Amino acid sequence: MKKSLPTNTLEGCLERITYFNTENHYTIAKLKTSKTHNMVTIVGTMAAVNPGQTLKIKGTWETHPRYGQQFKIISYEVVLPATIHGIRKYLESGIIKGIGPSMANRIVSCFGAKTFEIIEKHPEKLLEVKAIGQAKAALICNAWQDHHVARSLMQFLQSMGVQTTYCAKILKKYGPDAVNIIRKDPFRLTTDIPGIGFYFADTVAQKLGIEKNQPRRVRACIIHVMEQVANQGDVFAYQDQLVDRCKNLFRINPGVILNEMHALCAARELVIENAPGDPDNKIVYLKEIHQAETGIANRLKALLSVPVTPTGIDAERIAKEVQKKLAITLSLEQLTALEKILIHRAVIITGGPGTGKTTLIRSINAVFSALGKHVLLAAPTGRAARRLSEVTRSKAKTIHKLLGFNFKEGLFEKNPDNPLDADAMIIDEVSMVDTFLMYHLIKALPMTSVLILVGDIFQLPSVGPGNVLSDMIKSKLIPVFYLKKIFRQAQESPIVVNAHRVRRGESPVLKPLGDSNGVSEFYFLEQHNQNKVVSTIVELCTRTIPERFDFDPMHEVQVLTPMHKGVIGTTNLNQVLQKVLNPNPVMIEAMGSAFKIGDKIMHLKNNYQKEVFNGDIGIISSVDRKEKQLSVDYYGRIVTYNFTEMDEISLAYAISVHKSQGSEYPAVLLPIMTQHFVLLQRNLLYTAMTRGKNLVILVGTQKALNIALRNNKPTERLSGLAFRLMDN
């Protein structure tokens, strides 16, 4: 158990603010202590503070690896001056808009020690001061309120025992009446403020004395648990299990839970149905997910009911067109699949590495183009779309961009009333597409278009809820073309051979790195100690791989790991690798992260304004401290970030396996240890291995490898899509 640090209290004058984030109020500042007059670095969340103010701060001393001793803020209060001299100095500082030195002197001369009380509680008395009229008094009053409302909210949140990082978002939503709104109904926070979860609101509610079985609390609890279900990948929950979970986690009466569950159904927030094939068992959906799942099924059935106009092209002409446009000779399996694809309204193409999925995509695109058909190409992520564009030499987009998603409003421009302009649409890496995204994609597709879905069902499922590709295949409603033949060139690749072995649950053929029989593509290094795994990865990145395999560790080697925390998680590996691969001593800190020029970084969420997408990897090319900006080189294109936007990027020397989906790297390093027990899954191991194009090295234990091979359960998600597609 981690030992908590002792709490201390500091009081002093705020000398200067080094860094302030307007989004979350994260602050780095210098405080001159009252007792010793020492200058102390303070870090944490603070709102509406200005240099010159006296602060009383509760916090803990911590040692930063680069910047030394710092005082981490737990809570704080502004100590307003009590003397007439202090009050005058406070107002003269310009803290309150509309009050300068001469005005401050007149106000204090008039009200003395009661000045702050007059401004806050009796602002109409300001009219007694010379040169203050109605407009000026209102300006001073509003400025005082604006200045103190953020601090009041923050102190209220601190008194409730919750994090203050959401203070800015709450203020933006609720304004100066924020505290009263929260007191009246703290559970509004869960729906009104993105990111604030049930536990935050419930902590406030308990502090305010709200009963555990109070209906508003119970409804918020049910929605919270259903959102957890969706975050775990399930589309629905069994009603009895949902009741038990709410009862056990939050000590709520089961009868009350059922009553409020039905109230949420009446309010169209939940849907309760009979379980597929089991009318005695009830299942519960969030309304939006139910709408998406039923929408996919209904729209697909409607699409498949539309007859396909014969193309009049046979296998011989197909082969000639592909040979002419791509200089490729298709295998009999590929040619047969392509000929049949042209007579169906929707098809699925699936297969493992080396089975020719990419060749088939290129060929389909070429044939449709030869027929004068307008083809749209898309993939779930920016990386996958870029790769699809490279292999087809045609423009490919992310699905979000194709559908014209507006992140600000959360709406898609393309829909049944404004459909996509396409005769055919090819979607790659469909295993990554969740229920919501597939629903919006299917909705925007014209009924006269052909839908071609391509993916490997053995890879990790989508991050969002559902198992869409797998369910579509399971339903047998859509024709599926399984590519099984591994092509000759791929047959010679140990990566491809071992990936297929892992797919079947068989142990890969392991070769030690010290093997003298030439250079291979796949190796296993046995290490039983986590710290040894880290030092081995460092050695591989800095010496072995560059010297023996001639790969650039910065641009061509990617470390993948199943988790973020721990010795072999992304956080620690990134810090270690940053130190050895980027010796640049100049480091900048913002948003709690530290970066250098030359760092390898990853963008974490789609940003269509910057045209940079979730999972894109680049190199920091410059830092401008004066302008508080840094620039990142993404594939030869420079993108600039303000320091307040640095929560959109992270170090990428090591990334999670989930973040690597849709990408391909010349060399992949994968630590695999029993400490990753919860995440040791066959499809995770398979996904990581298939990211490597020329070299894959596993570092860890045979025991961990065997656990992953045996664990094939995580692919089973609760979803009703297959049943809905089968239901006629």
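Listing for the model above:
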read-out	value
Checking Lys476 against (1) surrounded by fewer than 21 Cβ atoms within 10 Å (Cβ to Cβ); (2) modelled with pLDDT of 90 or more; (3) touching a strand residue (DSSP E or B) at 6+ places or on another chain (Cβ under 8 Å); (4) under 28 Å from Gly233 (Cα atoms), the condition it does not meet	(3)
In the range 56-73, the residues that are in contact with a Gly (Cβ under 8 Å, 6 or more places away or on another chain) and surrounded by fewer than 17 Cβ atoms within 10 Å (Cβ to Cβ)	Lys72
Unique residue being acidic (Asp, Glu) and without any contact (Cβ under 8 Å) to a residue 12 or more places away in the chain when the list is Glu117, Glu92	Glu117
Residue ranges of helices (runs of 4 or more DSSP H) in the range 126-217 with at least 3 members touching a strand residue (DSSP E or B) at 6+ places or on another chain (Cβ under 9 Å)	134-160
Flag if Ile252 is touching a residue at least 24 places away in the same chain (Cβ under 8 Å) and under 30 Å from Ile343 (Cα atoms)	no
Verdict on Lys320 being charged (D, E, K, R), under 30 Å from Arg393 (Cα atoms), in contact with a helix residue (DSSP H, G or I) (Cβ under 9 Å, 6 or more places away or on another chain) and open to solvent by 80 Å² or more (accessible area, probe 1.4 Å)	no
Residues being hydroxyl-bearing (Ser, Thr, Tyr) and in a helix (DSSP H, G or I) - total across the range 293-309	1
Residue count, the range 591-633 (criterion: in a strand (DSSP E or B) and either over 18 Å from Asp552 (Cβ atoms) or not polar (S, T, N, Q) (or both))	22
Of the criteria (1) in a strand (DSSP E or B); (2) over 22 Å from Gly68 (Cα atoms); (3) of a type in the set (Val, Ile, Thr), which one Ile588 fails	(2)
From Thr63, Thr115, residue being in a helix (DSSP H, G or I) and of a type in the set (Ser, Thr, Tyr)	Thr115
Unique match (being aliphatic (A, V, I, L, M) and in a helix (DSSP H, G or I)) among Leu377, Leu338	Leu338
Verdict on Tyr635 being open to solvent by 50 Å² or more (accessible area, probe 1.4 Å), within 24 Å of Thr398 (Cα to Cα) and aromatic (Phe, Trp, Tyr)	yes
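Residues are listed down the side, and each one gets a yes or a no for (1) modelled with pLDDT under 90; (2) on the phi > 0 side of the Ramachandran plot; (3) open to solvent by 50 Å² or more (accessible area, probe 1.4 Å):
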position: Lys172; (1), (2), (3): yes, no, yes
position: Gly175; (1), (2), (3): yes, yes, no
position: Thr191; (1), (2), (3): yes, no, yes
position: Phe198; (1), (2), (3): yes, no, no
position: Ala220; (1), (2), (3): no, no, no
position: Glu227; (1), (2), (3): no, no, yes
position: Tyr238; (1), (2), (3): no, no, yes
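The values are calculated or read from the model by the stated rules, or taken from the named source; none is laboratory data. All values reported here derive from a predicted model rather than from experimental measurement. A quick note on method: Cβ atoms are made from the backbone with ideal geometry, for glycine too, and the neighbour counts reach across all protein chains shown. The area values use the complete protein model at the heavy-atom level, side chains included, leaving out ligands, DNA and RNA. Shrake-Rupley method; radii C 1.70, N 1.55, O 1.52, S 1.80 Å.
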